[in-house]
1. Given the structure, is Lys113 in a loop (DSSP other than H, G, I, E, B), within 31 Å of the chain's Cα centre (by Cα) and over 16 Å from Asn7 (Cα atoms)?
2. Go through segment 185-211 and give me each residue that's in contact with a Phe, Trp or Tyr (Cβ under 7 Å, 6 or more places away or on another chain) and assigned to a helix (DSSP H, G or I).
3. With the structure loaded, tell me whether Leu161 is out of contact with any Leu (no Cβ under 7 Å at 6 or more places or on another chain), exposed (fewer than 14 other Cβ atoms within 10 Å of the Cβ) and of a type outside the set (Lys, Arg) or whether it fails that test.
4. Determine the pairs where a residue that is closer than 15 Å to Gly157 by Cβ, located within segment 13-38, has a partner that is at pLDDT below 85 and part of a helix (DSSP H, G or I) with Cβ atoms under 6 Å apart, the partner being 6 or more residues away or on another chain.
5. Just give me the residues in segment 50-62 being closer than 10 Å to Gly8 by Cα and not in a loop (DSSP other than H, G, I, E, B), in sequence order.
6. Out of segment 1-31, which residues are surrounded by 14 or more Cβ atoms within 10 Å (Cβ to Cβ), assigned to a helix (DSSP H, G or I) and at pLDDT below 80?
7. Kindly check whether there is at least one residue in segment 68-83 that is at pLDDT 95 or above and either over 30 Å from the mean Cα position of the chain (by Cα) or surrounded by fewer than 13 Cβ atoms within 10 Å (Cβ to Cβ) (or both).
8. Out of Arg92, Arg54, report the one residue that is among the charged types (D, E, K, R), under 27 Å from Lys136 (Cα atoms), out of contact with any helix residue (DSSP H, G or I) (no Cβ under 7 Å at 6 or more places or on another chain) and crowded, with 17+ Cβ neighbours inside 10 Å.
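The values are calculated or read from the model by the stated rules, or taken from the named source; none is laboratory data. It should be emphasised that the depicted structure is a prediction, and the values quoted were computed from it without experimental measurement. With ideal geometry, Cβ positions are generated from the backbone for all residues, glycine too; neighbour counts draw on all protein chains shown.
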Amino acid sequence: MQTQLRNGILIAFGELFLKSEGVRKLFQRRLINNLCFFLEKEKIEFKIHSFRERIFVETNQALKAKKIIKRIFGIAWFSDSFYFFDLKELIRFIDKNYKKYIKKGESFAIRMKKDRKVIDRIAKLIDRKVNLDRPKRELFVEQRDKKHFLYFKKVKGAGGLPVSSSGKVLSLISGGIDSPVAAFLIAKRGAENVWLHFHSFPLVSNASIEKTKELAQVFKKYQPNLKIYFVPFQKAQLEIKAKVPAKYRILLYRRLMFKIAEKIAEKEGCDALVTGESLGQVSSQTLPNIKITEEA
C-alpha cells in the first residue's frame with residue numbers, strides 16, 4: 001500500500017509563468033535537469049514529482065537539498081512541504097500535528113485558493129486565534145492534480161531562468177570582478193556559459209590562471225558544466241609592444257582578443273560574447289574605445 005504522507009521540498013517557478021505553454025514545458029524540463037544534476041552530484045537521494053506550476057522534490061535530506069536548491073536559477077521560492085494523496089489524509093495530519101507548528105497563544109491564517117469549505121473545515125480543527133492580516137503563523141495548502149501540499153514558510157529562490165534555457169554565450173574572464181559578475185548575471189537570464197581567459201604566463205606569474213580556476217569552482221555551483229579556454233597571449237603582447245606606440249597597445253590587445261573570441265564562439269555555437277565592460281572604469285572602456293574594440 002502506498003504511503004500517504006511524503007516529505008520534501010515544494011518549488012515554485014519564477015518567470016516561467018510568462019512563457020507560452022510549449023516554452024514553459026521546455027524551460028521546466030531544463031530546470032528539472034539542472035535540479036537532478038546538482039542533487040545527484042551531492043549524492044542526495046530524491047524523487048521528482050512534476051506539476052504544471054510546481055515541482056516537488058521528495059527527499060529525506062531536505063536540509064542538504066535546500067542549500068543546493070537556493071542557488072538554482074529559475075526558482076521563485078521553495079518550502080519544506082508535506083505531500084498528501086488525498087484531502088482526508090491532509091486534514092488528519094493537521095488535526096494531529098498543528099500544535100507542533102502553531103504554539104499556544106499564536107495566531108494563524110490558512111492560505112488556500114478557491115476552496116472556502118476546505119479552509120473552514122481546517123480552521124475548525126485548530127484551537128488557535130485566526131488573524132488573516134498579521135498572523136504569527138501561516139498554513140499554505142495547495143491542490144495539484146488531486147494531490148495536496150501543506151507548507152508553512154516560503155524561502156526566496158535565486159529567480160531568473162534555468163541555465164541553458166536561453167542559448168549559449170562566450171564570457172571573456174579577466175582578472176577583475178566585472179567579467180565574472182557579468183557571466184553570473186547572464187547565467188541568471190538562462191544562458192549557458194563557456195569561459196575564455198587570456199593570460200601572459202610565463203611572461204608574468206600564473207596568478208590570473210589560478211584565480212580564474214577558483215572563480216570557476218564557485219560558478220559551477222550555479223551552472224551544471226563549465227568549459228574554459230585558457231589562451232596564451234604573451235607572444236602577441238610582445239609583438240604589439242615592439243611595433244605599436246604605447247597609447248594604442250591596449251586597444252590592439254583587446255581587438256585581437258575579440259577576434260580570437262569570435263572564432264572560439266563560432267566553434268562552440270555561442271550566440272554572443274559577454275565582456276563585463278564597465279563604462280568609464282578604465283581608459284579602454286570609454287565609449288569611443290569600446291566602439292573601436294567591438295569593430296574588430
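1. When the stated conditions are applied, Lys113 passes them.
2. Ala187, Lys188, Ile209 - these are the residues of segment 185-211 that are in contact with a Phe, Trp or Tyr (Cβ under 7 Å, 6 or more places away or on another chain) and assigned to a helix (DSSP H, G or I).
3. no
4. Correct list of pairs: Leu16/Arg24; Phe27/Leu16.
5. Phe56, Val57, Glu58, Ala62
6. Glu15, Leu16
7. Yes, there is a match, as at least one residue in segment 68-83 is at pLDDT 95 or above and either over 30 Å from the mean Cα position of the chain (by Cα) or surrounded by fewer than 13 Cβ atoms within 10 Å (Cβ to Cβ) (or both).
8. Of Arg92, Arg54, the one residue that is among the charged types (D, E, K, R), under 27 Å from Lys136 (Cα atoms), out of contact with any helix residue (DSSP H, G or I) (no Cβ under 7 Å at 6 or more places or on another chain) and crowded, with 17+ Cβ neighbours inside 10 Å is Arg54.
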